[in-house]
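Right, one structure below, let's go through it.
The values are calculated or read from the model by the stated rules, or taken from the named source; none is laboratory data. Keep in mind that this is a model prediction, so the values were computed, not measured. Here Cβ is always computed from backbone atoms with ideal geometry, including for glycine, and neighbour counts include all displayed protein chains. Areas reflect the complete protein model, heavy atoms only, side chains present, ligands, DNA and RNA absent. Shrake-Rupley method; radii C 1.70, N 1.55, O 1.52, S 1.80 Å.
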Amino acid sequence: MSDENHSYNPAQIEPRWQQYWLERKTFRTPNPGEAGFDPAKPKYYILDMFPYPSGAGLHVGHPEGYTATDVMARYKRMRGFNVLHPMGWDAFGLPAEQYAIQTGTHPRETTAKNVEVFRRQIRQLGFSYDWNREIDTTDPAYFRWTQWIFLKLYEKGLAYMAEVPVNWCEALGTVLANEEVIDGKSERGGHPVTRLMLRQWMLKITAYADRLLDDLDGLDWPEPIKLMQRNWIGKSEGAEVDFELDAEAAGKAKAAGLDGKLRVYTTRPDTLYGATFMVLAPEHPLVRHITAPDRKAGVAAYAEKAARETEITRTDDTREKTGVFTGAHAINPVNGERVPVWIADYVMMGYGTGAIMAVPAHDTRDHEFACKFGLPVREVVSGGENVQKAAWTGDGILVNSPEINGLGVPDAKAKITAFLERKGAGKKAVRYKLRDWLFSRQRYWGEPIPVLHDVQTGDLVPLSPDDLPLTLPELADFKPTGDPAGPLVKAKEWLVLDHGGRKFRRETNTMPQWAGSSWYFLRFIDPRNDREAWSKEAENYWMPVDLYVGGAEHAVLHLLYSRFWHKVFFDLGLVHTKEPFSRLFNQGLILGEDGQKMSKSRGNVVNPEQVVEQAGADSLRLFELFMGPLDQMKPWSTSGVAGVRRFLDRVWRVAIDDRSGALHSSVKDMPVPDDLDRLLSRTVKKVAEDIENLRFNTAISAMMELVNDLTGRTERPRRALETLTLILAPFAPHIGEELWSRLGHQESLAYEPFPAWSEAHLVDATATLVVQVNGKLRARLEVPRGSTEEAVKQLALADVSVARAVDGKPFRKVIFVPDKILNLVV
């Protein structure tokens, strides 16, 4: 007998099986019509939110979702599905460009290095991706089709240029989304951000607002995510109301070519009689025309200050309200009252009409403003509150409102709106908080926008699809200059071209990072197609995505943009489903051992490579899913990984002899004992149902119970060990493959059928029956299921406690419920 130790050694086992899968392309998934495709199988498309390959590489929080999808992918293959499980890289964007600037390297080089690191780390964890489908959003073969999609949007009138207010970061040299700005500074770098009016590319997502809202109902998504999207879209029903400006202000407005009235949108037209002042956004086009001469300096200074503030800062309800009176007045259409017109930064030009009627008695912000500036507060909805002290925003009965006094709020809204329509001063209206998608970025590292500007006429001329991809010019200096045109203006030869006797200038803004990720799920279904973005056959078969797993931080923007583009594709006949993702699941955050979010600055980041080196990839995978429910936040625990590793050691030892490396002598070709067969059926069923419902932690617990049972047996049937190996393999694929091989199988277990279970075995052969005498518990008996009343009575009377309680007395009554209770009344 050899003294060599053959104990479980993941450092030897795991790289060997990873190489095996890669060389044999074990997880390659053919498309319809390709060799090896089986049309008789059902399909299952499972997708991770693909990563942004940063220079830091993965930390242990990243693989949690990837492990969950991999378990599902492996399980579905074993259940006979054609499984599409791809991986790629979302690699354009500001972080890569900033890192390149800081390190003095080209973003193309840093991106390639980062992708290499991520790919190596992901392969090290044994995920069953089809690497033949790998995509990279910075690859011209990919962004050619992103540009083609932009041209489709342009043709459909959904891409346009407009002068809009933007968050401008001078230091980063680009426009930032609201979500990229925190307390007036850029999220990346903490640089000051100001508001500018810039001519930008916009996408008309608002044209799809109703469909984006209505189609949420049919999706198997977490309710909080759907609620966030509903709130972001922000559909509301109310009325547009026109307030005539007073004669002097109206004259100035009309002289400037503007309307002589102020239009507001309100969801509470019932409170019109309570409007005691108006508020305009500081950037409202009427402001500079209607402001009284003695107020111009103050108004201009205030407007300039507001322009330097971000939208998030301006709409922060905790800020003290500020504002300036313009000197102009407007006329309330329901009572002819002359009300003052102010400007204040809490009113945004991008919301509604950029003007509000202020009803301080029934709006908290208006109330704060009125109290600060001594403006009237008039109650018009009776709610039992003192509106001079605090706004009443609930329902009630209308008061001080001649046209609608005594009505409840819903009836008052309908009646006053009808009154406004008859008078020609307003109408019923629906509005949305959702605004069109600002699509321009003033940076180098992004997809070039495939549009030319005619130098003489200023006309926009889209490129022909035949001229795609339009690649980025080679620039030694790609740093932003602070010029809103972006750094591409430095590429003089690339920038200007002559065509057909006309001179054109290329668009120098690039697309946002969201562009490449808004359709990548469709490229995955047909990634090597150089004739079209995806084929109709592949789309008809694979779409929609059956399970999409990723972080809740993408709740709005990525998911909303993807849904918008997909609906456009549906309208163009390019896809057959209205929605791209049938089922969405958000995994919880894995915190550091200190309970804080992992970050370099806190020094609590755990590198998965270190965990793999110490305990193995299977241990890391199992532990991440065993920590608790997948959707919950939980702290990392190094000792917990060690515990899972000990479980895998036990799995190994129930099958393999540590001394010889051969199958353990206890492994027998023998029938499975009835009690073990029942345990196997229960475990297999539990694991299968838990995988389907993404309850991985309880599935692992069930397998641990099975291993404990097998460990205590002196004889272990080969079929029982094969069953254990097959149900464990989706979670711990390396040890699964190794044990399967040592159990005598030549091929990978990746496509072996998932074990079946016997429904008959799920029913216990015995039942625990309660015995009572005169209603008092006297014994619990294990009896064969289906035992008769007489048989159970004899067993009960043989019990000492029961016999003592009966004491030979005759039975007045016997209550018997089979397999549950026997009550002897004496």
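I'd like the distance separating the alpha-carbon centroids of the stretch 572-607 and the stretch 471-487, in whole Å. What the calculation gives is 32 Å, centre to centre. Accessible surface for His59 stands near 50 Å², nearest 10, in the context of the full protein assembly shown (1.4 Å probe). Under 19 Å of direct C-alpha separation, and excluding same-chain neighbours fewer than eight residues apart, Lys235 reaches these lysines: Lys204, Lys226, Lys413, Lys427, Lys428, Lys433, Lys567.
Applying 1/(1 + (r/R0)^6) with R0 = 35 Å to the Cβ-Cβ distance of Arg531 and Lys597, what FRET efficiency is obtained, to the nearest 0.05? Working from the Cβ atoms, E equals 0.20. Could you tell me what percent of the accessible area of the stretch 25-154 is made up of carbon and sulfur, with a 1.4 Å probe and every protein chain present? On the stretch 25-154, the fraction of accessible area on carbon and sulfur atoms equals 50 percent.
Go ahead and run the numbers for FRET between Thr457 and Arg263, Cβ-Cβ distance against an R0 of 30 Å, rounding to 0.05.
Rounded to the nearest 0.05, the efficiency is 0.30.
In degrees between 0 and 90, to the nearest 10, how far off the longest principal axis of the chain does helix 94-103 point, with axes built from Cα atoms? Once rounded, the angle reads 90 degrees. Nearest-5 percent of antiparallel DSSP beta bridges in the stretch 708-826? Counting DSSP beta bridges with both partners in the stretch 708-826, the antiparallel share is about 75 percent.
Students sometimes get this wrong: rank Lys226, Lys428, Lys433 by accessible area, probe 1.4 Å, all chains present, largest first.
I get Lys428, Lys433, Lys226, largest accessible area first.
Each label was represented as a point 7 Å from its Cα along the Cα-to-Cβ direction; for Asp139 and Ala255 these points are 6.4 nm apart.
Taking all protein chains as shown and a probe of 1.4 angstrom, Tyr99 keeps an accessible surface of around 100 Å². When each of the peptides 700-707, 457-464 is scored by the mean number of other C-beta atoms lying within 10 Å of its residues, the order from highest to lowest reads 700-707, 457-464. Expressed to the nearest 5 percent, the antiparallel share of DSSP beta bridges inside the chain is 75 percent.
When nucleic acids and ligands are ignored and a 1.4 Å probe is applied, Glu747 ends up with an accessible area of around 130 Å².
Between the stretch 24-82 and the stretch 200-278, the alpha-carbon centres lie 43 Å apart. Here's the list of aspartates and glutamates a cross-link from Lys305 could span, going by alpha-carbon distance under 13 Å and ignoring same-chain residues fewer than 8 apart: Glu283, Asp345. Each of Asp210, Asp669 has its accessible area taken with a 1.4 Å probe; listed largest first, they run Asp669, Asp210. Spacing of the modelled spin labels on Val814 and Leu497, each 7 Å from Cα toward Cβ, amounts to 9.8 nm. Paramagnetic label reach from Phe373 (point 7 Å along Cα→Cβ; backbone nitrogen cut-off under 18 Å): within the stretch 256-272, residues 262-265. Distance between the 7 Å Cα→Cβ label points at Glu613 and Glu782: 5.1 nm. When all protein chains stay in place and ligands, DNA and RNA are ignored, the 1.4 Å accessible-area order of Cys371, Cys169, largest first, is Cys371, Cys169. Rounded to the nearest 10 degrees, the angle from helix 638-655 to the longest Cα principal axis of the chain is 40 degrees.
Reducing the stretch 176-199 and the stretch 761-826 to their Cα centroids gives an inter-centroid distance of 76 Å.
Where only DSSP H runs of four or more residues are counted, the chain gives -10500 deg cm²/dmol as its mean residue ellipticity at 222 nm, each run worth -39500 (n - 2.57). Think of the chain as having a plus end and a minus end, set by charges on the Cβ of Lys, Arg, Asp and Glu; of Gln442, Gln632, Ser186, Gln632 sits farthest toward the positive end of this dipole.
Ignoring lysines fewer than eight residues from Lys252 along the same chain, the ones with Cα atoms less than 22 angstrom from its Cα are Lys261, Lys296.
Subtracting the Cα-Cα distance of Leu572 and Lys235 from their residue separation scaled by 0.36 nm leaves 118.8 nm. Calculated FRET efficiency, Ser660 and Tyr751, Cβ-Cβ r, R0 22 Å, to nearest 0.05? Efficiency for this residue pair is about 0.15.
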